[in-house]
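Student: Can you read through this structure? Questions will come right after.
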């Protein structure tokens with residue numbers, strides 16, 4: 001270890017001596033100029049660079065201004081200003097997005113309201129049309145003879161249109177109803193008439209419609 005240290009010190013001393021000798025010889029010959037001196041020092045230190053380039057690097061390093069506390073404060077202030085502008089931009093975009101979302105929600109709610117109103121109107125129109133059609137069937141049955149009217153009511157009854165039969169009978173004048181129901185003579189017709197009367201007693205078909213409405217899921 002000591003041998004290595006001695007060799008390293010000897011190398012450094014030799015380098016310094018060599019530089020001194022070269023500089024001295026250049027001075028004796030009158031060649032000791034600034035560019036020659038810089039070039040010699042660069043070559044002795046193993047730098048692959050011309051003296052002009054090294055001198056230029058040294059001059060540039062001297063010309064670089066020293067950074068002061070004021071420069072650091074100004075740079076930080078500039079960076080803070082940029083951050084503030086970015087934050088304000090993000091905040092403005094967020095507010096704009098929230099406004100657009102609120103406007104969209106309003107439009108969706110308005111659309112849903114109009115859709116519900118349309119479906120309600122459509123349902124009401126359909127109900128009115130069915131009621132008017134049923135009344136027309138009722139007036140047609142009333143114009144028939146009691147036996148023909150009974151036959152048509154029983155056909156509707158057997159076809160599963162029991163509520164329509166009850167509604168037609170319920171809407172008839174009492175004298176017409178009496179004549180038509182009087183035609184239900186045999187046992188089967190009497191049983192059918194009994195069911196019709198029981199449905200009238202329970203308020204059908206309106207009661208069934210009310211119950212269906214109650215059974216519909218809310219929302």
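The values are calculated or read from the model by the stated rules, or taken from the named source; none is laboratory data. None of the values given here were measured: they were computed from a predicted structure. Cβ: placed from backbone, ideal geometry, glycine included. Neighbour counts: every protein chain shown.
Student: Sort through 96, 105, 138, 152 and tell me the only one that's part of a helix (DSSP H, G or I), without any contact (Cβ under 8 Å) to a residue 40 or more places away in the chain, touching a helix residue (DSSP H, G or I) at 6+ places or on another chain (Cβ under 8 Å) and not assigned by TED's automatic domain parsing to the domain that holds residue 171.
Tutor: The match here is 138.
Student: Quick one: which residue in 178, 170, 150 is closer than 21 Å to residue 194 by Cβ and surrounded by fewer than 13 Cβ atoms within 10 Å (Cβ to Cβ)? Reasoning before the result, please.
Tutor: Values: 170 fails: surrounded by fewer than 13 Cβ atoms within 10 Å (Cβ to Cβ); 150 fails: surrounded by fewer than 13 Cβ atoms within 10 Å (Cβ to Cβ).
On inspection, the qualifying residue turns out to be 178.
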